[in-house]
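One structure is given here, and the rest of the page talks about it.
Bear in mind these aren't lab numbers, they're just calculated from the coordinates by the rules spelled out. All values derive from a computational prediction rather than experimental measurement. Please note: Cβ atoms are built from the backbone with ideal geometry, for glycine as well, and neighbour counts cover all protein chains shown.
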Amino acid sequence: MSRIAAALEASTAAGNAPGVVGLVARGAGVVYEGAFGVRSVETGAAMTVNSVFRIYSMTKAIGAVAAAKLIEAGSLDPDAPVASILPEFGEVPVLAGFDGDVPRLRTPRTPATVRHLASHTSGLAYESWNADVARWQATTGARTVLTGTKAALLRYPMVCDPGTRWVYGVGVDWLGLVVEKVSGRRIDAFVRDALFQPLGMVDTAFEPDALADRLVAAHYVTRDGFGVLDMGPPARPEVYGMGHCLYSTAHDYMRFLRMLLNRGELDGVRVLKPATVDFLTANAIGDLTMGRMVSVAPRVSADVDLLPGTPMKHAFGFATTMADTPGKRAAGSQGWAGIANTHYWFDPARDVAGVLMMQFLPFVDPRAMAVYDAFERAVYAEIGG
């Protein structure tokens with residue numbers, strides 16, 4: 001897989017990332033692994049394939065699969081109103097605008113369901129890509145979900161009625177609370193027993209304590225390259241947000257993806273039924289489409305369009321590519337990313353999955369996207385896709 005190695009080595013040599021780990025696999029096993037650059041520009045410690053990353057929104061797929069385990073067992077209805085499970089969710093209003101600095105709030109016209117939470121059609125939006133939510137927080141003192149409190153999560157308003165638009169936000173954090181309520185277990189314990197242990201994901205954790213010696217430093221783009229940034233999910237929070245809370249390695253996350261490529265089974269261990277994998281990857285937003293996410297926080301994220309020109313839907317678990325992308329993944333591929341520029345996809349049509357781990361802001365900065373583009377094109381050049 002020399003073209004993949006060359007692409008990643010050239011990316012760090014060009015200064016597009018301080019360090020990077022790339023992994024490529026088929027359902028049967030890993031076919032390429034490589035690490036280039038450094039874990040930290042301050043220490044110069046070399047990047048290694050077992051380096052640990054803050055995976056942020058790559059956590060969402062694991063939260064969705066946790067919910068799908070309960071759906072598969074018949075204990076959770078994906079079309080149940082969220083408020084029928086978590087009554088406090090019934091307090092969440094729609095932010096209809098502002099009169100001066102006073103928010104105009106109203107009751108949602110339709111109830112949000114479990115499916116809406118997972119597919120980002122609940123109306124809940126992140127502040128980084130929605131000016132109204134950013135203004136709401138500034139005028140009301142509402143805090144970010146990254147504080148790790150239930151009060152902060154409850155203070156996020158909807159920006160539209162459920163089921164009317166695709167809006168990227170905190171729905172999967174609420175989905176984690178649904179899993180806790182229905183299962184009767186804390187989400188970290190549920191996910192550990194239902195997913196991490198059966199899949200052998202020994203380096204994926206809600207707290208980084210045991211992984212600290214391999215943790216990659218978080219970086220940010222500067223005029224002269226990269227600086228080191230103090231960032232991370234909140235330690236020992238009141239609520240583990242399944243939208244952002246996990247740490248992992250490329251190898252561990254690839255075990256999760258290979259299970260999905262193998263329709264729910266890995267190394268002889270069945271984690272999901274094939275029908276559940278079909279449910280996780282089917283269009284969950286109907287006629288709605290995923291649009292470009294326009295940033296209102298440029299230090300955090302550039303505008304987000306991971307596959308420009310390719311139509312996208314959202315499934316229960318992932319963003320879904322609806323057409324072949326020339327030189328890249330096939331229609332029906334699933335994927336997403338984490339805000340510190342960790343990325344993944346799996347392509348059932350071509351039996352291939354990729355994990356690309358970097359650790360810097362802004363998200364989808366042109367440097368990061370150059371690395372991602374070169375990596376994915378090299379993968380498909382090697383496999384003949």
- Item | Mean Cα-pair separation over length for region 1-79, i.e. relative contact order, pairs under 8 Å, 6 or more apart, % | 19 percent
- Which angle between 0 and 90 degrees, to the nearest 10, do you get for helix 59-73 versus the longest principal axis of the chain when only C-alpha atoms count? 70 degrees
- Note on the structure: For the chain, the longest principal axis of the Cα atoms and the Cα long axis of helix 366-383 enclose an angle in degrees, to the nearest 10, of 60 degrees
- Message: What does the C-alpha gyration tensor say about the overall shape of region 178-229? Classify as rounded when a/c is under 1.5, otherwise prolate if a/b is larger than b/c, or oblate.
- Response: prolate
- Go through region 282-385 and name the trypsin sites (Lys or Arg not before Pro) that are in a DSSP coil and have 15 or fewer other Cβ atoms within 10 Å of their Cβ. ARG292, ARG299
- Message: Need the C-alpha centroid separation for region 317-374 versus region 60-125, integer Å.
- Response: 26 Å
- Note on the structure: With a ≥ b ≥ c from the Cα gyration tensor eigenvalues, square-rooted, and the rule rounded for a/c under 1.5, otherwise prolate when a/b > b/c and oblate otherwise, region 1-117 is oblate
- Item | Given charges at Cβ of Lys, Arg, Asp, Glu: the chain dipole, positive-most of VAL277, VAL296, GLY384 | VAL277
- Note on the structure: Lys and Arg at +1, Asp and Glu at -1: neighbours of GLY338 with Cβ under 14 Å from its Cβ sum to 0
- Task: Give a residue-ordered list of calculated ³J(HN,Hα) values for region 340-355 (Karplus: 6.51 cos²θ - 1.76 cosθ + 1.60, θ = phi - 60°; whole Hz; x for Gly, Pro).
- Result: 8, 6, 9, 9, 8, 8, 9, 10, x, 5, 10, 6, 8, 9, x, 10
- Query: Classify region 237-385: rounded, prolate or oblate, from the alpha-carbon gyration tensor (a ≥ b ≥ c, eigenvalue square roots; a/c under 1.5 rounded; otherwise prolate if a/b is larger than b/c)?
  - Reply: rounded
- What is the local net charge at PRO103, summed over the other residues whose Cβ is closer than 9 Å to its Cβ (Lys, Arg +1; Asp, Glu -1)? -1
- When THR321, THR113 are ranked with the fewest other C-beta atoms within 10 Å first, the list becomes THR113, THR321
- Query: By how many degrees, between 0 and 90 and to the nearest 10, does the Cα long axis of helix 131-140 differ from the longest principal axis of the chain?
  - Reply: 60 degrees
- Note on the structure: The whole-number value in µm²/s of the Stokes-Einstein translational diffusion coefficient for the chain, with Rh from the Kirkwood sum over alpha carbon pairs at 10 °C and 1.306 mPa s, is 76 µm²/s
- Item | Hz values of 3J(HN,Hα) by residue in region 108-120 - Karplus curve (6.51, -1.76, 1.60), Gly and Pro given as x | x, 7, 9, x, 6, 10, 4, 4, 4, 4, 5, 9, 6
